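Participant: Okay, handing you the structure first.
The values are calculated or read from the model by the stated rules, or taken from the named source; none is laboratory data. From a predicted model like this one, the values you see are computed outputs, not experimental measurements. No Cβ is skipped: glycine too gets one built from the backbone with ideal geometry, and neighbour counts run over all protein chains shown.
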Amino acid sequence: MRRWILALDISHWTLTLDVRLMEQPEAVREAFEQEFGRFARFRGAESAAFDGLRLADVETTLRELSDLRTRHTGKKSALANLKKQIGRAAAEERAQFAQAVQQLEARIAEEIAKVERALQDTAARLRTERERLDVTLPGRRIRRGHVHPINLIRQRLEDIFVAMGYTVEDGPEIENDFYNFTALNIPESHPARSPQDTFYTTDGFALRSQTSTVQIHAMQRRQPPLRVIAPGKVFRRDTPDATHNPMFFQIEGLVVDRGISMAHLKGTVTEFLRRLFGTDVRTRFRPSYFPFTEPSAEFDFSCFKCGGTGCALCKQSGWIELGGSGMVHPNVLRAAGVDPAEFSGFAFGFGIDRMCILLYDLDDIRLLFENDVRFLEQFD
Ligand SMILES: [Zn+2]
């Protein structure tokens, strides 16, 4: 009695298993059909499903189809799993099961291949169309760029100084302590060395806070007599506002020769300003202090707008402050390997941005750095 029930149970269980085995290819096919559905409309390159499709769309669909193939025929797919079961199937079912699996495999491969071909043909056609050259089309107008206002002014300044016998020098924007401070006679305790004023990069290096650093490089490289200007970017830790920006442009002038005096400095700055604003311009030097010059002076010029009678630009003073200057400090000459007993020199510097603001009558320095095309286009 017991034995009989057991046998029935086994038989029932075996039967169930076999039926489920034969159902499996059908289940895998259904799963494939469901996912493949959205690709099925692309069967045949003439299919209306391709109408209005761009090359990029077709290429994306091709990639998605390739993913689908991996999912449904790859090593970890349900189909691969079915193939593994062929060997384990009961002998009397094996042939039928194997045939069902093979038919399924062939069908999946064929469906995918058909759509893939149609997609590839369409992609090739769209590529050809894109590359076809229509010689009757009007040429595309290239939008011409133009020089930034700072560079326009910089070029004007360079032209004037080159005509006066100066050469244009360039120097690094990242400097070590020696070039940025020590050689310029800036003492250890000077506030300019504070991280609140200077951008330090890695240990011992800083973004140059003035173009005066180029003086040292130029003297070391060329040895006097020399006449150079050094236009370029400088960096200071300022919060941007209408008159300040943490990065701005300076131009530095340096003359070192035998017998150079303050008279040469005044004559040079005045001549430069006359060439820029006209022969009526007057200059004025006010005593000042800079660590790298002695004596030092700030220089102003008579307002080019009102001619010195007073206006809004010069704040009714008749004068416009421009920059700093002075006779090169003997310590600076020594630091660059120049003998102060034999040579003397003068240096001056001012902001190119400031000059730009004056000449174009701008009310905010930040306009020069925001790269707003609507602003920049006015300088075409
Ligand atoms: Zn004025």
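Participant: With the structure loaded, tell me whether Arg286 is of a type outside the set (A, V, I, L, M, F, W, C), out of contact with any His (no Cβ under 6 Å at 6 or more places or on another chain), in contact (Cβ under 8 Å) with a residue 60 or more places away in the chain and away from the ligand (no atom under 16 Å from the Cβ) or whether it fails that test.
Facilitator: Against the criterion (of a type outside the set (A, V, I, L, M, F, W, C), out of contact with any His (no Cβ under 6 Å at 6 or more places or on another chain), in contact (Cβ under 8 Å) with a residue 60 or more places away in the chain and away from the ligand (no atom under 16 Å from the Cβ)), Arg286 does not qualify.
Participant: Could you please tell me which pairs satisfy a Cβ distance under 6 Å, a separation of 6+ or placement on different chains, a first residue in segment 73-85 that is surrounded by 13 or more Cβ atoms within 10 Å (Cβ to Cβ), and a second residue that is of a type in the set (Ser, Thr, Tyr)?
Facilitator: Leu79/Thr73
Participant: Take the residues in segment 125-158 that are exposed (fewer than 10 other Cβ atoms within 10 Å of the Cβ) and of a type in the set (Val, Ile, Thr); name whichever of them is nearest to Arg54 (Cα to Cα).
Facilitator: Within segment 125-158, the match that is nearest to Arg54 (Cα to Cα) is Thr128.
Participant: Moving on to the next point. Does segment 188-209 contain at least one residue that is charged (D, E, K, R), surrounded by 14 or more Cβ atoms within 10 Å (Cβ to Cβ), farther than 29 Å from Leu359 by Cβ and modelled with pLDDT under 95?
Facilitator: For segment 188-209, residues charged (D, E, K, R), surrounded by 14 or more Cβ atoms within 10 Å (Cβ to Cβ), farther than 29 Å from Leu359 by Cβ and modelled with pLDDT under 95: present.
Participant: Continuing with the same structure: Determine whether Asp51 is modelled with pLDDT of 90 or more and either surrounded by 14 or more Cβ atoms within 10 Å (Cβ to Cβ) or in the same structural domain as Gly37 (by TED's automatic domain parsing) (or both).
Facilitator: So Asp51 does not fit the description; no.
Participant: From Arg227, Arg236, grab the single residue that is without any contact (Cβ under 8 Å) to a residue 60 or more places away in the chain and assigned by TED's automatic domain parsing to the domain that holds Thr309.
Facilitator: Just a single option satisfies the conditions, and that option is Arg236.
Participant: Tally up the residues in segment 285-309 that are under 40 Å from the mean Cα position of the chain (by Cα) and charged (D, E, K, R), please.
Facilitator: Final tally of qualifying residues: 3.
Participant: Hey, does segment 289-308 have a residue that's more than 16 Å from the ligand (Cβ to nearest atom), among the β-branched types (Val, Ile, Thr) and out of contact with any Asp or Glu (no Cβ under 6 Å at 6 or more places or on another chain)?
Facilitator: yes
Participant: Scanning segment 309-340 for residues that are near the ligand (Cβ under 8 Å from one of its atoms) and of a type in the set (A, V, I, L, M), which turns out nearest to Glu271 (Cα to Cα)?
Facilitator: Ile320
Participant: Moving to a separate point now. Taking segment 181-216 only, how many residues are part of a strand (DSSP E or B) and under 28 Å from Arg227 (Cα atoms)?
Facilitator: Looking only at that region, the number is 3.
Participant: Quick test for you: out of Glu169, Glu111, pick the one residue that is buried (at least 17 other Cβ atoms within 10 Å of the Cβ), under 30 Å from Tyr360 (Cα atoms) and touching a residue at least 12 places away in the same chain (Cβ under 8 Å).
Facilitator: None of the others qualify; the one that does is Glu169.
Participant: Sticking with this structure for a sec: If only one of Gln103, Gln155 is farther than 17 Å from Phe42 by Cβ and either in contact (Cβ under 8 Å) with a residue 24 or more places away in the chain or touching a Pro at 6+ places or on another chain (Cβ under 9 Å) (or both), which one is it?
Facilitator: Gln103
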